[in-house]
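Student: Take a look at this one; I'll ask things after.
Bear in mind that the values in this text are calculations on the coordinates, not laboratory data. Since the structure is predicted, the reported quantities are computational estimates derived from the model, not experimental observations. Here Cβ is always computed from backbone atoms with ideal geometry, including for glycine, and neighbour counts include all displayed protein chains.
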Amino acid sequence: MWHLGEVPLFAVVTATIVTIVHMQDFCQKADFECQSQDLSASAQQPLSQSVNSRWNASVLNLIQNLDHFRVSNEKLMGAFPIDEMQGNSVRTVKNCIFSESIPTPLKGPLRLVAVSKDVIEGLLDLDMATTQSETFLQYVSGGRRLPESQPLTHRYGGHQFGYWAGQLGDGRAHLLGQYTNRKGDTWELQLKGSGKTPYSRSGDGRAVVRSSLREFLGSEAMHFLGVPTSRAACLVVSEEPVLRDQFYDGNVKTERGAVVLRLAKSWFRIGSLEILSQSKELDLLRWFVDFRKLLNFVIEEHFPSIQTNDPDKYLAFYSRVVNDTAHLIAQWMSVGFAHGVCNTDNFSLLSITIDYGPFGFMESYNPSFVPNTSDDEGRYSVGEQASVGLFNLEKLLDALRPILTAGQQRAAETVLKGYVDIYETRIHHLFKAKLGLLGDDVEDDYIIAFLLKMMEDTQADFTMVFRELSEFSAFQLHNHNFTQAWALEDLSSHGLFPDWLSVYLQRLHRQVHDNDVRQARMKGVNPRYVLRNWMAQSAIKKAERNDFSEVELLHRILSSPFAIQSSAEAAGYAARPPKWAQTLKISCSSGSMAVELLPLINRT
Ligand code: AMP
Ligand code: MG
């Protein structure tokens, strides 16, 4: 058995309420056929050339005229109380779920620097050619309102770094409206960085180029890794000066404002419910009505398997969120993703990854990896995410308690106790798949934990160890020839590596005639490319000089993270990270809200 205490990654244990999610779900994008295919040739077209031809667009029935593209907040405005006050003056907002708020246009000249064809065509039904128009640029930078769109900002609160922080809300984001696409899926379109709102507190409502690029690339990369996430449609860069003290060291610099158009099926968060329940002492009846409205809406729109007349529907909802959050965090861990700011306001009720800030993909394996340099105590280290998820689910239960019966509360507590088991079971499956292990074997836990321990001791690269294990046949592994495999070379410096390898190979050997299939399977779940901070940083540096070529390259490569691509190899994206990467720091300052990190507000 592995020793849980020694392997913080698995600091949590077997499932009860779990719906077992198979590897296909984890790796919805994996294409086993094309693992060694070089995608670079077709992918190297510049943006303008990759625009669909008219013929393609009409065959696909894509919208070619932006005048025909409609989004609407009518449904949300009909369902929920709206702030009686209008305008963007910063205030404490009461008795509502949304405030009407108009984006503040970014100062030009504006430049569309990144577009996700997958989102534009696949989710928004838009012909890529429409993105080249001035009108599009205006729509997606807050300069012009989409026809009939009444932008909204959402009132939410949250527990930040363990403490109740009061009203937060969309301080720099505007919900343009919902769009129901030809597949019948409804997406909520949000601009981020689009100016002050009633929820801006001391912030300027802006986002800068570096953080917006990271959100654009990060969320799209996560999608193609198969992890549930918000999406990013495009990114506009402006010449608007935005002041930022990147490392909170008094060194204020002028950066440029940028806006991302991002999408989610819903942007409601745990903090959306928390702000309502926190106000119950103020207005008992009001709170109760609004809380139920929000909850019923979320259940009806996003949890169709829960019957609206089920007396236990809130309990059923809670079980789903517990289950899906455990699954989400297990998926984060399986790709070495650290969110960086796991506050309850950044935890989606739909259990998708949202609000990309100082996130990071772990390089050398280290459960204490903290992507956010401002997180001094390592509260949101990669290895702590599962327990932070538990904390956030406790806060969700606290918010739900007043509408649950005593029996339902006890049942919900039992559900929450099952979280650890759900997480552990999921992670067990994911890591078994990463190692290509089929069926069940008493040694599996041991093989996984032993490997992780060696990785920790040798600081071997998390992503590449698994990838290189996928790329080697059992015969090659047996021969220990790792000169072409830098991560395995590092790992093999461990004194116990030969012992581990022998146990692993014996285990693989028991999966008769599985070698090629095993490799293909493993290559489909172990990415060769993740958005390492140094890669993002290199693209950001160029972008700051108005060279967006590396952004485009990264976007393209990370859209097929499981396939070997010559352009990625040439860029060194699967090679040992450069020396300067080790000193790289990512702070939380993209939003200028240093206060986020000071858990001093409203301690309760
Ligand atoms: P985030 O860290 O981006 O999840 O943001 C936490 C809270 O701070 C949210 O309420 C944001 O809307 C708000 N916020 C962050 N940056 C800014 C900014 N530049 N202007 C206004 N509000 C901001
Ligand atoms: Mg946030």
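Student: Return the inverse of the average 1/r over all pairs of distinct C-alpha atoms in segment 69-278, which is the Kirkwood hydrodynamic radius, in Å to one decimal.
Tutor: So the Kirkwood estimate lands at 17.5 Å.
Student: Tell me which lysines have Cα within less than 16 Å of Lys417's Cα, excluding those fewer than 8 residues away on the same chain?
Tutor: Lys395
Student: Please give the length that would be gained between Ser549 and Lys183 if that part of the chain were fully extended, namely 0.36 nm times their separation in residues minus their C-alpha to C-alpha distance (nm, one decimal).
Tutor: Length difference between fully extended and current span is 128.5 nm.
Student: To continue, here is another question. Pull up all non-local amide H partners of Ala233: gap of 5 or more, or a different chain, and H-to-H distance under 5 Å with H placed in the peptide plane.
Tutor: It is Leu261, Arg262, Leu263, by chain and number.
Student: Separate question: Explain nothing, just compute: Karplus ³J(HN,Hα) = 6.51 cos²θ - 1.76 cosθ + 1.60, θ = phi - 60°, for every residue of segment 439-452 in order, whole Hz, x for Gly and Pro.
Tutor: For segment 439-452, the Karplus curve yields x, 10, 9, 4, 8, 4, 4, 5, 4, 5, 5, 4, 4, 4 Hz.
Student: Roughly how many nanometres apart are two label points built 7 Å out from the Cα toward the Cβ at Leu282 and Asn251?
Tutor: Rounded to a tenth, the inter-label distance reads 4.1 nm.
Student: Hey, another quick one. Counting DSSP beta bridges in the chain, what percent are antiparallel, to the nearest 5?
Tutor: 95 percent
Student: Measuring from a point 7 Å past the Cα of Asn515 along Cα-to-C-beta, which residues in segment 434-455 have an amide N at less than 17 Å?
Tutor: 436-437
Student: Above 14 Å lies some portion of the pair distances; for segment 370-418, what is it as a whole percent of all C-alpha pairs? The partial results should precede the final answer.
Tutor: Details: 689 of 1176 pairs.
Beyond 14 Å sits 59 percent of the P(r) for segment 370-418.
Student: Would you work out the relative contact order for the chain, in percent, from Cα pairs under 8 angstrom that are 6 or more residues apart?
Tutor: Reported relative contact order: 19 percent.
Student: Figure the gain on full extension for Glu569 and Ser502 (residue separation times 0.36 nm, minus the Cα-Cα span) and round it to one decimal in nm.
Tutor: Length gained between Glu569 and Ser502: 21.1 nm.
Student: Here's another thing I want to ask about it. So what is the calculated 222 nm ellipticity per residue for the chain, using -39500 (n - 2.57) for each DSSP H run with n of 4 or more, over all residues, to the nearest 500 deg cm²/dmol?
Tutor: -11000 deg cm²/dmol
Student: Here's a follow-up. Round to a whole angstrom and tell me the spacing of the C-alpha centers of segment 63-122 and segment 363-390.
Tutor: Spelled out, the Cα-based centre of one part sits 33 Å from the other.
Student: Can I ask one more? Mind scanning Lys434/Lys542; Lys94/Lys293; Lys94/Lys265; Lys192/Lys542; Lys94/Lys253 and naming the pairs with a C-alpha gap bigger than 27 Å?
Tutor: On the way: Lys434/Lys542 34 Å; Lys94/Lys293 16 Å; Lys94/Lys265 25 Å; Lys192/Lys542 22 Å; Lys94/Lys253 35 Å.
Going by Cα-Cα distance, Lys434/Lys542; Lys94/Lys253 fall outside the 27 Å limit.
Student: Take the alpha carbon atoms of segment 284-354, find their center, do the same for segment 191-242, and report the distance between the two centers in whole angstrom.
Tutor: With segment 284-354 and segment 191-242 each reduced to a Cα centre, they are spaced 23 Å.
Student: Quick check for me: using +1 on Lys/Arg Cβ and -1 on Asp/Glu Cβ, what's the dipole size of the chain about its Cα centre, in debye to the nearest 20?
Tutor: 1240 debye
Student: For Asp310 and Asp398, what is the calculated FRET efficiency with R₀ set at 35 Å and r taken between the beta-carbons, to the nearest 0.05?
Tutor: 0.95
Student: On to the next question. With an 8 Å Cα cut-off and a minimum separation of 6 or more residues, compute the relative contact order for segment 69-278 in percent.
Tutor: Working: 485 pairs, mean separation 51.1, N = 210.
It rounds to 24 percent for segment 69-278.
Student: So, with +1 on the Cβ of K and R and -1 on the Cβ of D and E, and no other charges, what is the size of the charge dipole of segment 69-278 about its Cα centre, to the nearest 20 debye?
Tutor: Values: 26 positive and 22 negative charges, 42 e Å.
Computed about the Cα centre, the dipole is about 200 debye.
Student: If I model a spin label at Arg292 and Arg91 as a point 7 Å from the Cα along the Cα→Cβ vector, what separation in nanometres do I get?
Tutor: Output for this residue pair reads 2.8 nm.
Student: A further question follows. Could you list, bin by bin from short to long, the percent of Cα-Cα pairs of the chain in 10 Å steps?
Tutor: 3, 17, 28, 27, 18, 7, 1, 0
Student: Can you compute the radius of gyration and Dmax for segment 280-340, using only the Cα atoms, both in Å?
Tutor: When restricted to the Cα atoms of segment 280-340, Rg and Dmax are 15.4, 45 Å.
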